[in-house]
Amino acid sequence: MAIRPGGELAARPLHFIWICDCSGSMVVDGKIQSLNTAIREAIPHMQRIADENPNAKVFVRAIRFSNGAQWHIAEPVKVESFRWDDLRADGVTDMGAALMMVADELRRLPDRGLPPVLVLISDGQPTDDFQTGLRAILGQPWGQKAVRMSIAIGEDADLEILQEFIANPEIKPLRANSPEALVRYIKWVSTAVLKSASAPASQNTQQANTLTTNVPVPAPPVDSDQENITAIDVW
Amino acid sequence: MSGKKIPSSFIWQIIGASVRGANHLRHRIPNQDAILFSPKHKAGSTVFLAISDGHGSERSFRSQQGAKFAVRAARFVCRDILRSYCQTPQNLQKEEMLAIARYLPNQIVTQWRKMVENHLIQYPFQDEEKHLIDNENVFLVYGATLLIVLISENFILYAQLGDGDILTVSNSNEVNHPLPTDERLFANETTSLCMPDAENNFRIKMEIIESPPPVLILAASDGYANSFLKESGFLQVSTDLLTAIRQEGIDKVRYSLPTWLNETSIEGSGDDITAGIVYREEIH
């Protein structure tokens, strides 16, 4: 039998990007440390999901924003090698600057790939030009088709802004009012959302809204904290 | 009809295979591609090939059937075209080519919708399926793409609705896409037979056979191209197949094809892969 025709085979890349608020308010009530813990605890779950689908090659990156924005993990790291160094919080909430930098990376992604997953986590309101940053993301083909999720930490998070980032009325920002809820939501986006994004089915172009992903987003976990909000709300 | 003499008929062979994707196997999802071609196991001067890829999404939960209907509708319409336009050994006029280009998509969409409607009568939706149905477009449940290659003694027709690829290889080993790219086909989005204006979204090309036609034509569902690190790796499939057919014969390639497609899905996209290969026999 002749050898298999064609060049080098490869699983399709899936880029997962954490977009983390590191403003000074994240220090209050240990929010930044809870975020560090939640992402670190999610890593093995994320690796398990990626391992279950070898036809998707998951790469992870992270960007922080406070006074401006900087890549926390600049180069895409294979999920099996993904480690989390603690973020530190201080300064303001330059969310728009982070979105501009993410948009620039999305522009560089090749056409071959699975829709990226972008997870925006914030406890406050942007102090810079959020709209320009959002437009930059939605101006990129992969930005439009990315799975965009957002997590609001605490009562002061700007839910309208986080909803605008998602740009899909069927998906709501996740509201984490306690460290436990934050862990649960971080785990959920690292597993259920990642799994769905790893093996999307085809969708016809008229069915797909131009600003939304064609990846079906599973239902988020029920937050029992919100049902009994006064009992264990800490943020 | 033009009185221009057509060249001597070329003789073609066609083989094809469809494999269930590695990811579909893991999740116990059936193969949602379909393929039909003729003639089988012999050479001929007329060739038909159709490949369809069912969407496979939650809302297209009967796309496996939709893909089967797509290739059957294509066969029905292509037979009709051959009967209507290819009875005399003369070149087609431009007007006739335009008529075929209009007829083919309209008739395929009409036939496909009829098949879907008949299936719905035989197998109505279950109560537990009804929440998944788009009441404004029930055809979405059966959504599927379509690739067609039709060769007669005097023309080659390429038609495509949705994702997937058709490649040609010339005598000088040059690889080409006979159809223009569709910029809308990005991030798993595709045009589809289920669209209300599906017939307007076909890409069609007809070539009169006046000079030597391609020596090989490859049509494949998108799971094939998506399996390669680079596009050049996929284009290489067509020239490697030509080399393999010339060196080892088409029967050995026919035998090996399912194994190659399985290996490609496992190490590549994980998607169903379907490929049809049309080979022009050397005339000595």
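A few comments on the model shown:
- Note on A:Gln131/A:Asp111: beta-carbon distance plugged into 1/(1 + (r/R0)^6) with R0 of 35 Å gives a FRET efficiency of 0.80.
- Span from the the stretch A:65-103 Cα centroid across to the the stretch B:36-78 one, whole angstrom: 48
- Potential lengthening between B:Ala99 and B:Gln126 on full extension [0.36 nm per residue; Cα-Cα distance subtracted]: 5.6 nm
- Convex hull of alpha carbon positions in the stretch B:10-282: directionally averaged projected area 14.6 nm².
- Interface of B with A. Using a 1.4 Å probe and counting protein heavy atoms only, the two chains hide about 3300 Å² of accessible surface, both sides summed.
- Calculated FRET efficiency for the pair A:Lys172/A:Asp233, C-beta based, R₀ 25 Å, to 0.05: 0.85
- For the protein assembly as shown, the fraction of alpha-carbon pairs in successive 10 Å shells from zero, as %: 4, 18, 25, 21, 15, 10, 5, 2, 0
- Semi-axes of the equivalent ellipsoid for the stretch A:1-124, Cα gyration tensor, largest first, Å: 33, 17, 9
- In Å, descending, principal axis extents of the Cα set of the stretch B:53-107: 48, 17, 13
- Solvent-accessible area assigned to carbon and sulfur over chain A amounts to 51 percent, based on a 1.4 Å probe.
- Between A:Ser81 and B:Asp134, the modelled label-to-label distance comes to 4.2 nm, taking each label 7 Å out from Cα in the direction of the beta carbon.
- Working note: Karplus 6.51/-1.76/1.60 with θ = phi - 60° gives the stretch A:24-35 the couplings x, 5, 6, 6, 4, 6, x, 5, 5, 5, 5, 5 Hz, where Gly and Pro are set to x.
- Shape category assigned to chain A from the gyration tensor of Cα positions, a/c cut at 1.5: prolate
- The stretch B:122-193 versus the stretch A:153-189: alpha-carbon centroid distance in Å: 38
- Using the Karplus relation 6.51 cos²θ - 1.76 cosθ + 1.60 with θ = phi - 60°, the per-residue 3J(HN,Hα) values for the stretch B:111-123 come to 4, 4, 5, 4, 4, 5, 5, 5, 5, 5, 5, 6, 10 Hz, with x marking Gly and Pro.
- Scanning residues 5 or more positions from B:Thr190 or on other chains, those with amide H under 5 Å from its amide H are A:Gln203, A:Asn204, A:Thr205, with H placed 1.01 Å from N in the peptide plane.
- When you restrict to C-alpha pairs under 8 Å that are six or more residues apart and normalise by the size of chain A, the relative contact order lands at 22 percent.
- Only Cα pairs under 8 Å and 6+ residues apart enter the sum, and on that basis the relative contact order of chain B stands at 27 percent.
- Computed from backbone phi, the HN-Hα couplings of the stretch A:192-200 come to 4, 5, 4, 4, 5, 6, 6, 9, x Hz, rounded to whole numbers (Karplus: 6.51 cos²θ - 1.76 cosθ + 1.60, θ = phi - 60°; Gly and Pro given as x).
- Hull volume in cubic angstrom per residue (convex hull over the Cα atoms of the stretch B:225-269): 58
- Per residue, the stretch B:133-284 exposes 36 Å² of solvent-accessible protein surface, assessed with a 1.4 angstrom probe and all protein chains in place.
- The GluC sites (Glu not before Pro) of the stretch B:156-240 that DSSP puts in a loop, and whose beta carbon has at most 13 other beta carbons within 10 Å, are B:Glu174, B:Glu183, B:Glu210.
- Taking Cβ atoms as reference points and 12 Å as the exclusive limit, the residues near A:Arg12 contribute a net charge of -2, counting Lys and Arg as +1 and Asp and Glu as -1.
- Averaged per residue, the stretch A:48-158 has 40 square angstrom of accessible surface, using a 1.4 angstrom probe with ligands and nucleic acids left out.
- 20 Å cut-off, amide nitrogen to a point 7 angstrom out along A:Trp71 Cα→Cβ, residues in the stretch A:153-179: none
- Cα gyration tensor shape for the stretch A:58-111, rounded if a/c is under 1.5, else prolate or oblate: oblate
- Averaged over the residues of peptide B:268-277, the number of Cβ atoms from other protein chains lying within 10 Å of each residue's Cβ is 3.
- Computed from the Cβ-Cβ distance with R0 of 45 Å, the FRET efficiency linking B:His177 to A:Asp90 stands at 0.25.
- 0 to 90° range, to nearest 10: angle between helix A:179-188 axis and chain A longest Cα axis: 10
- Unit charges at the beta carbon, dipole of the stretch B:10-282: most positive-side option, B:Val138, B:Ser170, B:Ser256: B:Ser256
- In nm, spacing of pseudo-spin labels at B:Ser84 and A:Ile3 (7 Å Cα→C-beta vector): 4.8
- Cα-based reach from A:Lys172 at 27 Å (exclusive), listing lysines while leaving out same-chain residues under 8 positions away: A:Lys31, A:Lys145, A:Lys187, A:Lys195, B:Lys130
- Using alpha-carbon coordinates, inclination of helix B:250-267 to the longest axis of chain B, degrees: 40
- 1.4 Å probe, heavy atoms, protein only - residues of the stretch B:224-238 losing at least 30 Å² accessible area vs chain alone: B:Asn226, B:Phe228, B:Leu229
- Label-point separation, B:Glu58 to B:Glu117 (7 Å along Cα→Cβ), nm: 3.0
- As a ratio to 2.2 N^0.38 Å, the alpha-carbon radius of gyration for the stretch B:14-126 is 1.27.
- Put simply, the Cα atoms of the stretch B:139-284 extend 49, 39, 24 Å along their principal axes, the longest span coming first.
- Anisotropy class of the stretch A:65-198 from Cα gyration tensor, a/c 1.5 cut: rounded
The values are calculated or read from the model by the stated rules, or taken from the named source; none is laboratory data. Owing to the predicted nature of the structure, the values given are computational and were not obtained by experimental measurement. Cβ coordinates were reconstructed from backbone atoms using ideal geometry, including for glycine residues, and neighbour counts include every protein chain displayed. Keep in mind that these areas ignore ligands, DNA and RNA; they rest on the heavy atoms of the full protein, side chains included. Shrake-Rupley method; radii C 1.70, N 1.55, O 1.52, S 1.80 Å.
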